[in-house]
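The structure under discussion appears below in the form of structure tokens.
Just so it is clear, none of the values below were taken in a lab; they were calculated from the coordinates. These figures come from a predicted structure and were not determined experimentally. Virtual Cβ from ideal backbone geometry, glycine too; neighbours counted across all protein chains shown.
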Amino acid sequence: MSAMERFPNLVTMFFDRARAMGDAPFLWRKAAGEWQSLSWTEVALEVASLASALQAQGLKPGDPVMLVSENRPEFCIADLAIMAAGCVTVPTYTTNTTRDHQHILTDSGARAVIVSTAKLAQNLMPAVLRSQASFVIGMEPLRGMQGDVACHLWSDLIAHYPTDIEACAASQTAKRDDLACIIYTSGTGGAPRGVMQHHGAILCNIEGADKLLEEDFGRGQEVFLSFLPLSHAYEHSGGQFLPIMVAGQIYYSEGLEKLASNIEEARPTIMVVVPRLFEVLRARIIKSIEKQGKFPAYLLGQALRIAAKEQRGRKSLLDLPMKALLARTLKPKIAARFGGRMKALVSGGAPLNPDVGLFFDAMGLTLLQGYGQTEAGPVISCNRPRAGIAMDTVGPPLDGVEVRIADDGEILVRGELVMHGYWRNAAETERALQNGWLHTGDIGEIDEKGRIRITDRKKDLIVNDKGDNVSPQKVEGMLTLQPEIGQAMVHGDRRPHLVGLLVPDAEWTREWAAEQGRKVEGIEKDAAYQAALRAAVDRVNDDLSVIERVRRFILADEPFTIENSEMTPSMKIRRHVIRARYQDRLDALYKG
């Protein structure tokens, strides 16, 4: 498929690809222990029928339709069908509480809801019954649901409204400027806001990504493994609409517990992932290699040494024998863990620690760090081999994207990818969009090769009592690379120095307790345990400037999770929530 194609809307693009691909496999799911596929034609038939069913239920062009589902083929079908009916998709997280659903239903004015399972409907239905939504569609039976809202079964609707694919395709009138979806930001700092993404914003994104793939990796049958929530703009564009653009296949992961086996089975060529997952995979791989004995651990050390040297532009002929040995021993085993045909792992959604990028580079895997925001489709830039990958940058802007740095260092973005604004929120829209430029709230610079380097979030910067700026993400990223530390948040705004809130790594804690002959229960009060964690913090401090060092720390009561509202669904920590919970204890670290 040509990267120069320009479609008027996302649905027309899909039907064009379905027409060309026919009975070739498109969407894959695991059922009864086997991977089963839906062809492009089968998906197109369901999209057309569901679109007809939505219109028959009284939905009008422009009506918002809420979509609550885990990653599965029906998510893609529902999303396309909503747009094919002329409506606007409002994808929401499966982890949302009833209160979260209520906010989005009320704010968006959704006229209907599509939900995948009865379990997800338990939190959703109380909010639906208090909303303006007139009906609910269940991908699976919604037994026991009561109230005045009509409930329909997905399979029944599709069976009742058989529709000709070509007739549905021909009826599409949406233009690139028309609203495609309202994606609610995950809210690291407050109530989620609805970002209005038009068809052109997503199309601009995936056209740029398509061009990058073609120029840097060539054309081929692309296979994607969908893992991140499809309600997140990153996966929505990169894990759903990009595969459609390149006529690829999508395998839907069974979840974090089975992700490693899913990767080996699906053998993806492209995968979009958040940095936290790379950190977890890195820790697991290192532990696995070290358990194999001294020689594999030695090979790992050599791979990291050579990669670090070459990152600094210092290639040496003396390293050729070791590189040849690594190519026959360590690297093929790592490649097999990732399916054996991975072209690129694309990291986005949050900053990636350069050491994590270096590790995957050393293992022979191409890791491309991208940068973006929901407000920008969401991809603004991405590292690419042709431009030279620098792990401390997020690469040059995609094709069709204009970036400049404001006088105060803020990154500004302009182009078709930029949102039209926040849904029903003129004040925030006016703040974010000024003179055609999106004010990202990120601080950065552009290097001599045109690559963007992010230095911090404007609002996340810690300013100490002497006026020095400190990047909390940098320090936290270094802390969580230590095997002893699973999660971390640093604190110190208008204070003399930084203090930390740590979540010890659970596996390391169990192993340490076993070695010391101690019980895990109550171990946080153990002086030797605290000393081991202190040693990990001190190792990090050795590589930090004076103003960045963590002087004292406390341990969190529990891990930061989506369930306790201390992480967003895209696995970023929610600082304001965590600070509210631990403020008194963090402040106490400055006393005495």
- Note on the structure: Restricting to aspartates and glutamates and to Cα separations under 18 Å from residue 333, and discarding same-chain partners fewer than 8 apart, the set is 264, 265, 290, 361
- Kindly state, to the nearest 0.05, the FRET efficiency for residue 56 paired with residue 19, given R0 = 22 Å and r defined as their beta-carbon distance. 0.35
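May I ask you to order 36-47, 300-311 by the average number of other C-beta atoms within 10 Å around their residues, highest value first?
36-47, 300-311
Based on the Cβ-Cβ distance of residue 431 and residue 590, what FRET efficiency does E = 1/(1 + (r/R0)^6) give at R0 = 30 Å, to the nearest 0.05?
0.35
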- Mind ranking 230-236, 583-589 by how tightly packed they are, going by the mean number of other C-beta atoms within 10 angstrom, highest first? 230-236, 583-589
- For the chain, what size does the Cα cloud have along each of its three principal axes, sorted from largest down, in whole Å? 67, 56, 54
- Message: What are the ³J(HN,Hα) couplings of the range 359-367, residue after residue, when phi is run through the Karplus curve with 6.51, -1.76, 1.60 and θ = phi - 60°? Round to Hz, x for glycine and proline.
- Response: 4, 5, 4, 5, 7, x, 9, 7, 10
- Semi-axis lengths, Å, the range 10-198, gyration tensor of Cα atoms, sqrt of 5 times eigenvalues: 26, 19, 17
- Dipole magnitude (debye, nearest 20) for the chain, charges at Cβ of Lys, Arg, Asp, Glu: 1440 debye
- Task: Specify the angular offset, from 0 to 90 degrees and rounded to the nearest 10, of the alpha carbon long axis of helix 575-588 from the longest principal axis of the alpha carbons in the chain.
- Result: 30 degrees
- Query: So what is the relative contact order for the chain, in percent, with contacts set as C-alpha pairs under 8 Å and at least six apart?
  - Reply: 11 percent
- Message: Could you tell me how far the Cα centroid of the range 498-577 sits from the Cα centroid of the range 413-476, in Å?
- Response: 29 Å
- Task: May I ask you to sort 59, 299, 203 by Cβ crowding, counting other Cβ atoms within 10 Å and putting the fewest first?
- Result: 299, 59, 203
- Item | Cα-projected label distance for residue 576 with residue 460, points at 7 Å along beta-carbon direction, nm | 1.5 nm
- Query: By how many degrees, between 0 and 90 and to the nearest 10, does the Cα long axis of helix 506-516 differ from the longest principal axis of the chain?
  - Reply: 30 degrees
- Going highest first, how would you order 550-561, 515-526, 172-183 by mean Cβ packing within 10 Å? 172-183, 550-561, 515-526
- For residue 219 and residue 166 in one chain, what is 0.36 nm times their gap in residues minus the Cα-Cα distance, to one decimal in nm? 16.3 nm
- Would you please give the residues with an amide H less than 5 Å from that of residue 35, counting only those at least 5 places away or on a separate chain, with H modeled from the backbone geometry? none
- Just for the chain, what percent of DSSP beta bridges are antiparallel, to the closest 5? 50 percent
- Query: residue 468 to residue 191: extension gain in nm, 0.36 nm per residue of separation minus the Cα-Cα distance?
  - Reply: 96.7 nm
- Note on the structure: Any lysines whose Cα falls less than 21 Å from that of residue 449, other than same-chain ones fewer than 8 residues away, would be 211, 309, 315
- Message: Under the rule of at least 5 residues apart or a separate chain, name every residue whose amide H is placed under 5 Å from the amide H of residue 346.
- Response: 271, 272, 273, 368
- Rh (Kirkwood, all Cα-Cα pairs) for the range 462-588, Å, reads 15.1 Å
- Message: Between residue 177 and residue 284, how high is the FRET efficiency from 1/(1 + (r/R0)^6) when r is the Cβ-Cβ distance and R₀ = 60 Å? Nearest 0.05.
- Response: 0.85
- Query: Using the count of nearby Cβ atoms within 10 Å as a rough guide to exposure, how do 325, 358, 105 rank from fewest to most?
  - Reply: 325, 358, 105
- Item | Inter-part distance where the range 220-237 and the range 154-212 are each reduced to a Cα centre, Å | 14 Å
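Mind counting lysine pairs for me in the range 462-588? Cα separation below 30 Å, and the two need to be 8 or more apart along the chain or on different chains. Let's see the in-between values first.
Numbers: 466/474; 466/572; 474/525; 474/572; 525/572.
Within the range 462-588, the lysine pair count is 5.
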